[in-house]
Amino acid sequence: MGFEIKNQTLKKYEWEYGVTEVVVPDGVTEIGEDAFSRCTDLTSIVIPYGVTKIGSSAFANCTSLTSVTIPESVTEISEEAFGDCKNLTSVTILGNIKKIGATAFKGCIGLTSVRIEKGITEIPSSLFLDCSNLRTVTIPDSVTEIGYSAFENCSSLDSIAIPDSVVEIGADAFRNCTNITSLIIPGSVKVILGGAFAGCTGLRSVVLNCQIDEIDSALFGCCDSLTEVDVPETVKKIGQSAFAKCSSLKSIVLPKGLKIINRYAFESCTSLEKIELPEGLEIIGDRAFDGCTNLKDVLIPDSITTISEYAFRGTKFIEKGNLPIVVNGILISCNATGDTLEMPDGTVEIPESFFGGTNVKRVIIPGSVKKIGFRAFKCCTAEEVIIHEGVEIIGDAAFSRCENLDHIDLPDSITDIGGGAFDSTGIKRVVIPPNVESIGRSPFSKQLEYIEFSETIKKIPDNALISGDVWGGYDYPSLKTLVMALDCSFMDDDPSKALSFDYYPDTRINLKHTKDSLKCDIILTKGKLRVKLPYVAKWCTKEPKTALMIQKETDIDKCREMFGTIKNAKLKPAVAVMLALKGMDEVIRDYVSKKSADIVNMLKADGYIDTLTALKEKGIV
């Protein structure tokens, strides 16, 4: 046999055929990285006193190694030092060791017992990962932290005593330890991270004496033998899937300080029959109790502000009858009557995706509703939707893909219209109510032909007419008419940007882009008076863009200068009328003296007799 030793570090052992036992030479202070790695015939290694460090993967994949003596001089065992030593049966980690690397003993499937002596402060991540035959572990009261996946997949481990020195238990620390039947978490523990005990299918009882403020995500997920849990009084939040698929869970006591039950928290807890939600609870997340097929009695406190999508789907709680269930204004259950789906008066919020795909012809939403949630009616078959005065917010994609819906009347109370709210519907005409402050990206269908902004709206929100970028939405190729107040303006300093966009025909071939715009007429209103700026070319080209700039300009001299640059025979008369309605008669007086007949004919053709009368009364035409 041969050793490569340099500066007291054993760099490499040159394995010889038939050698099964090795004694590390005296004088070596460090066994280097991969020094004995994959020496598959070695059954025994003696490490002499004086060695202080065992390097990473030093004995990894020594698959015949059954025992190893680690002297008291060793203070550091690096990551994966004994990884996948499949025949190693027992390990003692002495207290003088100051550092143990992650995965040091991972995959040691022959390992049956581990003794960790006092002095060790941390059990690092994945230390015994996949040690499937490990039955007993002694953790000393010097340990303060158990790292993530430290004992994951130790499926033979039938008990674990966590000392009251431990402050933190890492994510997945005991995941899939399927033989553990009971668990006591001491009061010293302040943090238990997600999935720490997930998949412990033999776990029947848990005592949480700890002072944690959250039951983290999937903490006890798929613990299908767990029958009861008392959640500590310090807990404010139950995380996503915390108890999901705990199919034997019959009783759980929730603390008074609980504020949030997150999505899927108790999903498919099929033995749960009743639950008392504490006063102070505010939010019940998406599908929190989805699939709790025997859950019949639920006490919901007055403090609840949000009950999200499908929170109680598939429970007996919402299958008691066909009557709607509304809790604190939040709709929990509502069934259609014949072809009509009518929300009960008193409903304040329709949760996200609540009626997605519902097969009805008519939907009635009362004025008590303040918010229609995200995707609330997506893919609904409704042909008619009646939204009563009082509704304020229509969420993103609320009526997306309601393909039979061909008209909508929005009440004056609406303040927010979400992105894609009426995307992929048959709606061709819409009037934006006077109190709308926010419009999301591409809220209407590509079939939209007419859009009118109430005269009280003085700023048209971003994304109202185009998506803002060619990849994130779309424009309205069918739009023929845009109606807005004479003194209304677009958010951007350059109003043409609200109507135009960059278009890349094929970025794989040509990175050069073209500028395009909506192909619509713009009707400007002032009370009963109207003037139409006709679409004569792209709104981003020189003269149409100038017309838009004049519409928002208040300086007379600048308007005179810009008006002089417009030559288009269809556009100029309309701009002249627009200036007259703005009270800038002197700017257009010379032009009107020559083109009065053109203006009169234009207004008659458009049917704007009130405007024509007003101009005649002022002596302009």
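A quick yes/no check of all residues on (1) among the aliphatic types (A, V, I, L, M); (2) in contact with a Cys (Cβ under 6 Å, 6 or more places away or on another chain); (3) in a helix (DSSP H, G or I):
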| site | (1), (2), (3) |
| --- | --- |
| Gln551 | no, no, yes |
| Arg560 | no, no, yes |
| Asn568 | no, no, no |
| Ala580 | yes, no, yes |
| Ile588 | yes, no, yes |
| Asp598 | no, no, yes |
| Ala614 | yes, no, yes |
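For first residues located in the stretch 579-590 and closer than 16 Å to Leu612 by Cα, partners that are exposed (fewer than 13 other Cβ atoms within 10 Å of the Cβ) and lie 6+ apart or on another chain with Cβ distances below 8 Å form the pairs Ala580/Lys618; Asp585/Lys618.
Whenever a residue of the stretch 78-92 is among the β-branched types (Val, Ile, Thr), its partners that are surrounded by fewer than 20 Cβ atoms within 10 Å (Cβ to Cβ) and part of a loop (DSSP other than H, G, I, E, B), lying with C-beta atoms within less than 8 angstrom and at least six residues away or across chains, give the pairs Thr89/Thr66; Thr89/Gly110; Thr89/Thr112; Thr92/Ile70; Thr92/Glu117.
Okay, residues lined up against (1) touching a Cys at 6+ places or on another chain (Cβ under 6 Å); (2) farther than 27 Å from Ile123 by Cβ:
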residue: Glu16; (1), (2): no, yes
residue: Tyr49; (1), (2): no, no
residue: Cys62; (1), (2): yes, no
residue: Thr75; (1), (2): no, no
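If a residue must be of a type outside the set (Ser, Thr, Tyr) and in a strand (DSSP E or B), how many such residues does the stretch 1-53 contain?
Of the residues in that region, 17 qualify.
Among the numbered conditions (1) farther than 30 Å from Ile169 by Cβ; (2) at pLDDT below 90; (3) open to solvent by 20 Å² or more (accessible area, probe 1.4 Å), the only one that Glu117 does not meet is (1). Restricting attention to the stretch 65-93, the residues that are open to solvent by less than 50 Å² (accessible area, probe 1.4 Å), under 22 Å from Glu16 (Cα atoms) and either part of a strand (DSSP E or B) or at pLDDT below 95 (or both) total 3.
Report yes if Gly357 is open to solvent by 40 Å² or more (accessible area, probe 1.4 Å) and within 25 Å of Ser268 (Cβ to Cβ), otherwise no. Yes; evaluated as a whole, the condition is true for this residue. Could you tell me whether any residue of the stretch 445-458 is in a loop (DSSP other than H, G, I, E, B) and either touching a helix residue (DSSP H, G or I) at 6+ places or on another chain (Cβ under 7 Å) or closer than 21 Å to Thr358 by Cα (or both)? Yes, because at least one residue in the stretch 445-458 is in a loop (DSSP other than H, G, I, E, B) and either touching a helix residue (DSSP H, G or I) at 6+ places or on another chain (Cβ under 7 Å) or closer than 21 Å to Thr358 by Cα (or both). Taking the stretch 255-270 as the range and being closer than 17 Å to Asp230 by Cβ and assigned to a loop (DSSP other than H, G, I, E, B) as the test, the residues that pass are Pro255, Lys256, Gly257, Leu258, Ala265, Phe266, Cys269. Listed by first and then second residue, the pairs with beta-carbon distance under 7 Å, at least 6 apart or on different chains, first residue in the stretch 353-374 and in contact (Cβ under 8 Å) with a residue 60 or more places away in the chain, second surrounded by 20 or more Cβ atoms within 10 Å (Cβ to Cβ) and assigned to a strand (DSSP E or B), are Gly373/Glu349; Gly373/Ile350.
Of the residues making up the stretch 191-205, those that are assigned to a strand (DSSP E or B) and either buried (at least 21 other Cβ atoms within 10 Å of the Cβ) or modelled with pLDDT of 95 or more (or both) are Val191, Ile192.
The strands (runs of 3 or more DSSP E) found wholly in the stretch 271-354 and carrying at least 2 residues that are open to solvent by less than 20 Å² (accessible area, probe 1.4 Å) occupy 330-333.
The values are calculated or read from the model by the stated rules, or taken from the named source; none is laboratory data. These figures come from a predicted structure and were not determined experimentally. Note that we place each Cβ from the backbone using ideal geometry, even for glycine, and neighbour counts take in every protein chain shown. Surface accessibility is based on the protein's heavy atoms, side chains included, excluding ligands, DNA and RNA. Shrake-Rupley method; radii C 1.70, N 1.55, O 1.52, S 1.80 Å.
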